[in-house]
1. Which of the residues belonging to the range 295-316 are over 23 Å from the mean Cα position of the chain (by Cα) and crowded, with 19+ Cβ neighbours inside 10 Å?
2. Restricting attention to the range 196-212, does a residue exist that is crowded, with 24+ Cβ neighbours inside 10 Å and under 30 Å from L20 (Cα atoms)?
3. Against the conditions (1) surrounded by fewer than 20 Cβ atoms within 10 Å (Cβ to Cβ); (2) more than 27 Å from G14 (Cα to Cα), where does S339 fall short? Just the number, please.
4. For the range 728-766, which residues satisfy the criterion of being of a type outside the set (F, W, Y) and not in a helix (DSSP H, G or I)?
5. Considering (1) over 13 Å from C247 (Cα atoms); (2) buried (at least 20 other Cβ atoms within 10 Å of the Cβ); (3) at pLDDT 90 or above, say which one G116 fails and leave the rest.
6. Hey, could you check the range 486-514 for residues that are part of a helix (DSSP H, G or I) and of a type in the set (D, E) and say which is farthest from Y258 (Cα to Cα)?
7. Please go through the range 410-420 and give me each residue that is touching a residue at least 60 places away in the same chain (Cβ under 8 Å) and surrounded by fewer than 20 Cβ atoms within 10 Å (Cβ to Cβ), ordered by number.
8. Can you give me the number of residues within the range 35-57 that are at pLDDT below 90, buried (at least 20 other Cβ atoms within 10 Å of the Cβ) and either within 19 Å of P147 (Cα to Cα) or of a type outside the set (G, A, S) (or both)?
Amino acid sequence: MPRPLVADVEVTGGDLALVLVVAAIAVLALLMAVVFRAEVLRAGEGTPNMQRIAQAIQEGATAYLTRQFRTLAVFAAIAFVVLLVLPAHTAEAADGLQSEWAVRISRSVFFLLGAGFSAAIGFLGMSLAVRANLRVAAAANEVGRDPAMNIGFRTGAVVGMATVGLGLLGASVVVLFFQSAAPNVLEGFGFGAALLAMFMRVGGGIFTKAADVGADLVGKVEQNIPEDDPRNAATIADNVGDNVGDCAGMAADLFESYAVTLVAALILGSQAFGDKGLVFPLLVPAIGALSAIVGVYLTRPRAGEPGLRTINRAFYLSAAVGAVGSVALAFAYLPGEWSDLNGVGVGLGTLASDDLPGVSPALFAAGAVVIGIVLAAAILALTGHYTGTEFRPVKDVGRTSLTGAATVILSGLSVGFESAVYTAIVIGAAVFGAALLAGGSTALALFAVALAGCGLLTTVGVIVAMDTFGPVSDNAQGIAEMSGDVDEKGAQILTELDAVGNTTKAITKGIAIATAVLAASALFASYTQSAVEALVDAEGVTDAQANGFALGFLVFDAKLIVGTLLGAAVVFLFTGLAINAVARAAGAVVMEVRRQFRDIPGIMEGTARPEYGRVVDIVTRDSLRELATPGILAILSPIAVGFGLGVGPLAGFLVGAIATGTLMAVFLANAGGAWDNAKKLVEDGHHGGKGSLAHEATIIGDTVGDPFKDTAGPAINPLLKVMNLVALLIVGAVVSLSYGSNENDVARILIALAATTGIVAAVVVSKQRTSAIDDEAPVPAEDGSGA
């Protein structure tokens, strides 16, 4: 059996007590979620008409997620069995819960638990958001802006507390029971969370943007009616989509970032810091859970203060508390000398004195964590600059609306491309800065990157709250407009909150991308460490073969380049599939809404009710139908490359995917955000205001950006982590079939061919699907009367 891929360490005494404290903090976070939820539900529910509209949104969202989870159960069952088959590396002569078969079984069980937690958080976020939306609308109409804003932010706080609580609880329980085998078991936990999050991101993203694009193109452009006009058959589906895409999808996305970052940090920490490396990465996000509670409780709207400033204050306050707490923790918990660490460098050999950093272990860890927190703040500021209505990039996009839709699209693309460069530089600087703290030690450099990811996790509670505020405020405005029961002052309040939510959604997408990149980078580091370990210790592997793999990162290797290109190509293919799925589904929505305007007398006069349920059914069917292909691509592509080309090219594949995915995700998110807020700018009265040609141009730009920022872009985050986790899970099998006495080229190639065949078949089937678009040309109305 190969030597263990994690250090054979044991958590006892004071360390054990600290892990129990982490579990207690996790429970506290969950209790705070219950408290915040009760606060939200105590608020008034508005008029009977508002309640009827909200009920329709609730029913649509619940029905969609229920059907989605039934569909995903098939994937979960298959993955459970596959994880049982894959080898698990444990300490030699381990028994009890640390034996290989115990770890295999536990890894599969915790895969289901991770998937269940991810699904539960998504469902919780959605179920409360669809109850909070009418409460925000009612509060804006009855008691004013500040109470309405507080309800929306408290709703997000519920989801944020649940995210950090379940993530910490799962990780701390695994460490308590499995000790040194915890990272192996957590691979299953993280994989389950990542897989569910990717499916929820893709499915929810297709649902929400198909409805949104269809509603805008027919309602705003063709019929010249407002966005949430009740005469538009797609309005209910659009509001349902806000919840299943943004609330459920983002919550699941950040939860799985939480889980997989802890997986990588525990693997690398146990190698670099021994037993304390299994505990410290848990303590940092526990500090973050406490700082999130502080940030939420101490941040309340102030009279006359812009809403975005209020919410940003919650973030900065939480980040500052988290940074101070993490630094104090590092110096209180970690020793001042490297020689005082128990088991440092286990699994990679004892660190040479020349490799030791010039800083103490405490300063090393504190510095890495603070870098992660500063990165979150920098991404918040950078994303806000490129997507906020008060800054030049969005103002410039809005100004181009005076010359038509084409220039709006061109200027938005330019914003996306430019912002991707600066965001990549900021993330790269954080990774490089963390690695510099490690001196000459590779093991410590990799752990530093993982710790920076843990630092970023300290902000997750508030980040989820900020993101959920967006769809809640958006839905509140929709309910107000559809019901007609909100006065002019209340409508103005809701318009302001919707604009704030629009910006917070854009900002949190940027931070989610940074979180995903750090998590994927740490997982990649875990993969390379595992590959080297497996190669060095596998039976019959020569030193030349092992050294050849290591040298493949330093010298030209054609297969390594091929792997890198394939990794980049998968990101492009995944993005294209997601955007095309939205285009097909949106086409079906457009045709259905046009049909209803044409065939149902009295809709435009307000005397007949549109068939909202038909549009909900269309986007539900199409989004669930499109789930399989991106999932198959994410799971099977690392298998095809790993077994087909080897462990070195698979490493190149992961590098290509991370680099390309980072730039692509930022480009899509910020271009879409700029188009969206340029539309808001025009709707606020600039460049001709609502109903003008400039407004029509920004609507078209916004519909192009919708699948960019809310479907393909966010789905890249879990895609990167799924592929890295699959690579980490299969590396032992790839090495076993590729080198040494168990080498079997026939089996290896057959596995690669089967995976490739699965990818090709899924893509071909997807491309053969057609949208329900006929040749009938639209007849735009001139005044919103339907004429």
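The values are calculated or read from the model by the stated rules, or taken from the named source; none is laboratory data. What you see is a predicted model, and the numbers here were worked out from it, not measured in a lab. Glycine gets a Cβ as well: all are built from the backbone with ideal geometry, and neighbour counts include every protein chain shown.
1. Here is the first cut: in the range 295-316, the ones over 23 Å from the mean Cα position of the chain (by Cα) are 297-307, 309-310.
Listed by number, the residues that qualify are T299, P301, G307.
2. Within the range 196-212, the first condition is being crowded, with 24+ Cβ neighbours inside 10 Å, and the residues that meet it are 196-212.
Going one step further and asking which of them are under 30 Å from L20 (Cα atoms), we end up with 196-197.
Yes, the range 196-212 contains at least one residue that is crowded, with 24+ Cβ neighbours inside 10 Å and under 30 Å from L20 (Cα atoms).
3. Against the list (1) surrounded by fewer than 20 Cβ atoms within 10 Å (Cβ to Cβ); (2) more than 27 Å from G14 (Cα to Cα), S339 comes up short only on (2).
4. Once the filter is applied, which keeps residues that are of a type outside the set (F, W, Y) and not in a helix (DSSP H, G or I), the range 728-766 yields E743, N744.
5. Of the numbered conditions (1) over 13 Å from C247 (Cα atoms); (2) buried (at least 20 other Cβ atoms within 10 Å of the Cβ); (3) at pLDDT 90 or above, the odd one out for G116 is (2).
6. Checked the range 486-514; the qualifying residue farthest from Y258 (Cα to Cα) is E488.
7. Matches in the range 410-420: L413, F417.
8. Total satisfying the criteria: 5.
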